[in-house]
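Structure first, commentary second.
The values are calculated or read from the model by the stated rules, or taken from the named source; none is laboratory data. Fair warning: this is a prediction, and the values are worked out from it, not measured in the lab. Here Cβ is always computed from backbone atoms with ideal geometry, including for glycine, and neighbour counts include all displayed protein chains.
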């Protein structure tokens, strides 16, 4: 299998951004806080989120404890598609460890973000489109997130399909509105990330498939 040039470009951009941040003594989790002197649980970083209307892309970073969070998690991004009418839908969460290294993707129940719920089939084009751009200190973070999504597109689409299958099973036991607001159901499914492995495989001569391609 030949890897498309956009995937190789994304991998190169991702490594370059992390390298520049590391030279400043920063990991991605620290960069996502944009220099905040005090870190508050559940506060959005940045406070009003990064919203790129041209690419219908939105994200923020925050921190909070949960029994469903990996023990090494520092915090996580929430990634959205934001439509021209102002509605938004959650594409994925992305957990980082203390070093700023990605740990897992995850999909949440509706109440977690207050999104307009859409099935996986309606979100695939939004995953393909996700490429946030902004200015200032969060510009490299935005590009890094776009590169991460591009590298993991098949895995993210598969994760959302698994999310939908779980929802279908739950709705056989519980009314839809009750389930979507049920605080017992927060993270519905997740996908572990081994970024070092993915990048090393991309660098290999055979260009084997990325996670989720099969």
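Count of the stretch 113-135 residues, restricted to those that are in contact with a helix residue (DSSP H, G or I) (Cβ under 8 Å, 6 or more places away or on another chain) and either modelled with pLDDT under 95 or more than 17 Å from residue 149 (Cβ to Cβ) (or both), is 2.
Residues in the stretch 119-137 that are part of a helix (DSSP H, G or I) and within 22 Å of residue 6 (Cα to Cα): 7 in all. Evaluate the following for residue 116: is it part of a loop (DSSP other than H, G, I, E, B) and either more than 14 Å from residue 186 (Cβ to Cβ) or under 14 Å from the mean Cα position of the chain (by Cα) (or both)? For residue 116, the condition - part of a loop (DSSP other than H, G, I, E, B) and either more than 14 Å from residue 186 (Cβ to Cβ) or under 14 Å from the mean Cα position of the chain (by Cα) (or both) - is met.
If the condition is being without any contact (Cβ under 8 Å) to a residue 40 or more places away in the chain, part of a helix (DSSP H, G or I) and more than 20 Å from residue 192 (Cβ to Cβ), then the stretch 145-177 contributes 167, 168, 169, 170, 176, 177. Of note, residue 25 satisfies the criterion of being part of a loop (DSSP other than H, G, I, E, B) and under 18 Å from residue 141 (Cβ atoms).
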